[in-house]
Amino acid sequence: MATVPLDQTGWTATASATESGSSPANALDWNTGTRWSTGAPQAAGQWFKADTGSSQWFNHLVLDSGTSATDYPRGLTVEVSDDNSTWRTVAGGEGAGAVTTVNFPIVQARYVKVTLNKASGSWWSIAEMRVPASGCRRRQGYGPRGPART
Ligand SMILES: [Ca+2]
């Protein structure tokens, strides 16, 4: 299925902890040379959350740890929310290299949160997070085989 990254302009990010000198915003700046990092070994409960600013359709999530190649999440849960209060779990997953892709059934939500569920001696770093569009829009009667988003 063709996918197109959503326009992430205006998105904001927060995290459970952030390395001094980095910023959650670094994961959304379209520059793989900047990163957000925990600055601490991975532990269950650490989280990274993006606020897309409005309701979005999407069906997968890509986390790229960039040049911090071993800082991929060892185990994670993806949750989404419309109000930053009530969360729905949409997928679990685990990384095995610098780029982690988590697929799930298409959802519509404003907030996306990734929470670790495994520990590791490696830090957790995200050079870039992408929440690609699903390749179709469930609006105007378009079904799952509708035209690609442009
Ligand atoms: Ca970046």
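Read-outs throughout are calculated quantities, based only on the coordinates presented, and are distinct from any laboratory measurement. For clarity, every value in this text was computed on a predicted model and none was experimentally measured. Reconstructed Cβ throughout: ideal geometry from the backbone, glycine too, with neighbour counts over all protein chains shown.
Given the conditions (1) assigned to a loop (DSSP other than H, G, I, E, B); (2) touching a residue at least 24 places away in the same chain (Cβ under 8 Å); (3) more than 13 Å from the ligand (Cβ to nearest atom); (4) not small (Gly, Ala, Ser), and given that residue 14 satisfies all but one, which numbered condition is not satisfied?
(1)
Quick check, is residue 113 away from the ligand (no atom under 16 Å from the Cβ) and crowded, with 17+ Cβ neighbours inside 10 Å?
yes
Which ones in segment 23-66 are in a strand (DSSP E or B), within 10 Å of the chain's Cα centre (by Cα) and within 15 Å of the ligand (Cβ to nearest atom)?
Those that are in a strand (DSSP E or B), within 10 Å of the chain's Cα centre (by Cα) and within 15 Å of the ligand (Cβ to nearest atom): 48, 50, 62, 63, 64.
Any chance segment 69-79 includes a residue that's farther than 17 Å from residue 13 by Cα, in a loop (DSSP other than H, G, I, E, B), of a type in the set (S, T, N, Q) and free of Cβ contacts under 8 Å to residues at least 24 places away in the same chain?
Within segment 69-79, not a single residue is farther than 17 Å from residue 13 by Cα, in a loop (DSSP other than H, G, I, E, B), of a type in the set (S, T, N, Q) and free of Cβ contacts under 8 Å to residues at least 24 places away in the same chain.
Every residue in segment 1-11 that is over 14 Å from the mean Cα position of the chain (by Cα) and either free of Cβ contacts under 8 Å to residues at least 24 places away in the same chain or near the ligand (Cβ under 8 Å from one of its atoms) (or both), please.
9
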